[in-house]
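These notes are about the structure you will find just below.
The values are calculated or read from the model by the stated rules, or taken from the named source; none is laboratory data. In this text, all values refer to a predicted model and were calculated from it rather than measured experimentally. All Cβ positions, glycine included, derive from the backbone under ideal geometry; neighbour counts span all protein chains shown.
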Amino acid sequence: MAKNRPQKQLYKTAGRNRKDVWYKLDLSATVYPTLQRRDFSSVYRLSVKLKEPVDPALLQQALDLTLPRFPTYKVAIRKGLFWRYLEPNTRPGPFVQEDIKNPCMPMHFKSNNRYLIRVYYYDSRISLEAHHCLGDGTGGMCLLQTLTSVYLGLLGHKITPSGFVLKLDEEPDPEELEDAYMRYATAKVRPPRPSEKTYRIRGTKEPFYTLNIIDGVMSVSEVMQVARHYGATITEYLNAVLLYALLQKQTGEFHLKYRPVRIAMPVNLRRFFPSKTLRNFITMVYPSIDPRLGEYSFEEIVTQVHNFMRYYINEKFLCGDITTNAATKHNFLIRVVPLFLKDLVVRTFYTRVQDKNSSAGLTNMGALNVPADMKPYIDRFDIYMGQPFSSRTNCAIISFEDILTVNFASSIVESDVERHFFRRLVQDGIHVKIESNRSYQI
């Protein structure tokens, strides 16, 4: 904890949103700006669907009241000689906008008055889009739920802050602003990363600024019952369904040789290492199936995923993973290399190695809690991982009360993986309602 004291003193001395405050990018955030392209940004979206239509004027007022409570989101990104950093943004905005057909569009650093968040509304839905260099889904959900509670308060509904809903009149806890990776990178060994190339989805790339969305809405209790039938959790079961869908897709294509199918799945490290940080604090695990070993039944896939999760998702392995990632920040030679050379190396490594380590992405925010007096006004939540870096599909899962949504986002025309995924759920007796921003036959 001693490492956090200078940051605490700096924050208290400087005050909220002062120009003499600046924030280093956290360990994960250093990568996301490097991957920025004209047609790609690391942007995710969180949405809440209310039970009444949204008043955009009140929503703007709520945003203006809420954002100063989140100093690491009310920022602009700047470029130094060796590293990028975040500084407070005092420009007007961000301004609430009517929603668009293709979410998670590239977020250029100098547009939108340099803000790295967007807030949209449509009918009864409020959506927050954030650049991943600000924080992960947990931090974004804190901002979205707090914004929603302030909006409901302006409508005359009394909401008691708790959980993801923060108090506006409180100074941010210094721990909310920390790079928690550096506090917990304490392992004495650095586990290696998966390096073998995986199966990549073949598809017709969509035109620029096109993101295909397919949502599956279902009952939590139905999914849980089926997962228990297989002796798995909901996360394990849905990972197995996605691996099954990817295997079906690969089997249906002509290949000179098969490759492993592997999912990149973020793990929320706050479950294992106590931290209140609203910045990035996740790491990746990679459940996989190798069809070269033989044909797998669905039951075998579930069993393999279940055993993988039990073996790898624990404090010891995750600490080693954090330490491997943090090694670059501790390396003196890397620290003194100019930023443009760092960008070149990281971008090349990610394009040629890291991005080829997985066939698809899947994230599960789990069951969301909201303050009890906020529940009557909320219908459901949605989450989107955003536009993939390369031609593939990403899957995101979130649940509220008895509503579970599986949200696919892809930049290719074909929806074979999504079709295999939802058909498997239906075969297991799960009722699925399909929604999309396109016309599809699932």
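Scanning region 76-87 turns up no residue that is over 29 Å from Asn331 (Cα atoms) and either of a type outside the set (A, V, I, L, M, F, W, C) or in a helix (DSSP H, G or I) (or both).
Might you let me know whether region 228-238 holds any residue that is aromatic (Phe, Trp, Tyr), part of a helix (DSSP H, G or I) and touching a residue at least 24 places away in the same chain (Cβ under 8 Å)? Taking every residue of region 228-238 in turn, at least one turns out to be aromatic (Phe, Trp, Tyr), part of a helix (DSSP H, G or I) and touching a residue at least 24 places away in the same chain (Cβ under 8 Å). If the condition is being crowded, with 19+ Cβ neighbours inside 10 Å, among the hydrophobic types (A, V, I, L, M, F, W, C) and within 20 Å of Leu293 (Cβ to Cβ), then region 242-273 contributes Leu242, Leu243, Ala245, Leu246, Leu247, Val261, Ile263.
Scanning region 392-442 for residues being surrounded by fewer than 17 Cβ atoms within 10 Å (Cβ to Cβ), within 22 Å of the chain's Cα centre (by Cα) and of a type in the set (Gly, Ala, Ser) gives a total of 1. Go through the residues of region 208-215 one by one and say whether even a single one is out of contact with any Lys or Arg (no Cβ under 9 Å at 6 or more places or on another chain) and within 30 Å of Lys316 (Cβ to Cβ). No, region 208-215 contains no residue that is out of contact with any Lys or Arg (no Cβ under 9 Å at 6 or more places or on another chain) and within 30 Å of Lys316 (Cβ to Cβ). Residue count for region 285-303 under the criterion of being out of contact with any Ser or Thr (no Cβ under 8 Å at 6 or more places or on another chain), outside any loop (DSSP other than H, G, I, E, B) and either of a type in the set (Gly, Ala, Ser) or touching a residue at least 40 places away in the same chain (Cβ under 8 Å) (or both): the result is 6. With Arg270, Arg279, Arg262 as the choices, which residue is part of a helix (DSSP H, G or I), in contact (Cβ under 8 Å) with a residue 60 or more places away in the chain and under 21 Å from the mean Cα position of the chain (by Cα)? Going through Arg270, Arg279, Arg262 in turn, just one is part of a helix (DSSP H, G or I), in contact (Cβ under 8 Å) with a residue 60 or more places away in the chain and under 21 Å from the mean Cα position of the chain (by Cα): Arg270.
Evaluation of Leu238 against the conditions (1) surrounded by fewer than 21 Cβ atoms within 10 Å (Cβ to Cβ); (2) of a type in the set (A, V, I, L, M); (3) not assigned by TED's automatic domain parsing to the domain that holds Thr72 shows that the sole unmet condition is (1).
Count of region 120-160 residues, restricted to those that are more than 18 Å from the chain's Cα centre (by Cα) and part of a loop (DSSP other than H, G, I, E, B), is 8. Counting residues in region 393-405 that are in contact with a Ser or Thr (Cβ under 7 Å, 6 or more places away or on another chain), touching a residue at least 40 places away in the same chain (Cβ under 8 Å), acidic (Asp, Glu) and not in a strand (DSSP E or B) gives one or more. Can you confirm whether Glu171 is among the acidic types (Asp, Glu), at pLDDT below 95 and not assigned by TED's automatic domain parsing to the domain that holds Asp290? Yes; evaluated as a whole, the condition is true for this residue. With respect to (1) modelled with pLDDT of 95 or more; (2) surrounded by 13 or more Cβ atoms within 10 Å (Cβ to Cβ), the lone exception for Asn307 is condition (2).
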